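The values are calculated or read from the model by the stated rules, or taken from the named source; none is laboratory data. In this text the structure is predicted, and so the values were computed from the model without any measurement. Cβ sites come from the backbone with ideal geometry, for glycine too, and all protein chains shown count toward neighbours. These accessible areas exclude ligands, DNA and RNA; they are computed on the full protein's heavy atoms, side chains included. Shrake-Rupley method; radii C 1.70, N 1.55, O 1.52, S 1.80 Å.
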Amino acid sequence: MNSTFSLDDAIRKVPDFPKPGILFYDITGILVNPEAFRYCIDRMIELYKDARIDAIAAIESRGFVFAAPFAERMGIPLILIRKKGKLPGKTFSCKYALEYGTAEIEVHQADVKPGERILVMDDLIATGGTLNAAKSVLEQGGATVTGFFGVVGLPFLNYSKVLGDTPVQTLVEYDGE
Ligand code: AMP
């Protein structure tokens, strides 16, 4: 691995998006940079190659992009967690609070096996509310969430409080200003 490589350089920071006061960390800059994208997947494999995980679950939609090559290389199932109304089969679902209003996510019941140990990932962890809701839908199917992963972490938003004792890994973290 090239030691001068900086993942930070590949992440575009967009002030006041999607609304005033929010600094948006845009991971599309990673996806158009093959070295940066490969670095992320290699690091994920390094982190979890010896972990006891039976499947990875990923959050729509930027989580899918990182989880798919990871699942393929690890040889484990990829479970898609989607916004309400997108999955055709029977689902488990969870409503959760956003800064304004609520959101709801779902997973296919048939995709979750009781007793399975699942790593849950998204592109970025802010408050942790989305990952916590993902944990809830997987637990409704009898699975255990053994870890959370985000390419980017914003620990100043206190996601560790929401995510409890379940281990959290990120590749790059940013402080609030
Ligand atoms: P949260 O549930 O608060 O942890 O929010 C995580 C979800 O919202 C992820 O799917 C992120 O893609 C998105 N998100 C929240 N805050 C940001 C941010 N500052 N920059 C980019 N994406 C964000």
note = When (1) open to solvent by 40 Å² or more (accessible area, probe 1.4 Å); (2) of a type in the set (Phe, Trp, Tyr); (3) farther than 16 Å from residue 68 by Cα are applied to residue 37, the one that fails is (3)
key: Output for the range 124-148, where each listed residue is within 14 Å of the ligand (Cβ to nearest atom) and open to solvent by 10 Å² or more (accessible area, probe 1.4 Å)   = 124, 126, 127, 129, 130, 132, 135, 136
inquiry  = Any residue in the range 140-168 that is over 23 Å from residue 115 (Cα atoms) sitting within a Cβ distance under 6 Å of a residue that is surrounded by fewer than 17 Cβ atoms within 10 Å (Cβ to Cβ) and not hydrophobic (A, V, I, L, M, F, W, C)? List the pairs, counting only those 6 or more apart or interchain.
reply    = 153/173; 155/173; 156/175; 156/176
query = For residues in the range 106-123 being out of contact with any Phe, Trp or Tyr (no Cβ under 9 Å at 6 or more places or on another chain) and touching a residue at least 60 places away in the same chain (Cβ under 8 Å), which is surrounded by the fewest Cβ atoms within 10 Å (Cβ to Cβ)?
reply = 117
Residues satisfying the stated conditions in the range 6-22, i.e. without any contact (Cβ under 8 Å) to a residue 40 or more places away in the chain and aliphatic (A, V, I, L, M) = 10, 14, 22
Residues satisfying the stated conditions in the range 87-105, i.e. under 19 Å from the mean Cα position of the chain (by Cα), farther than 13 Å from residue 132 by Cα and surrounded by 13 or more Cβ atoms within 10 Å (Cβ to Cβ) = 87, 92
key: Every residue from the range 14-29 that is under 15 Å from the mean Cα position of the chain (by Cα) and not hydroxyl-bearing (Ser, Thr, Tyr)   = 26, 27
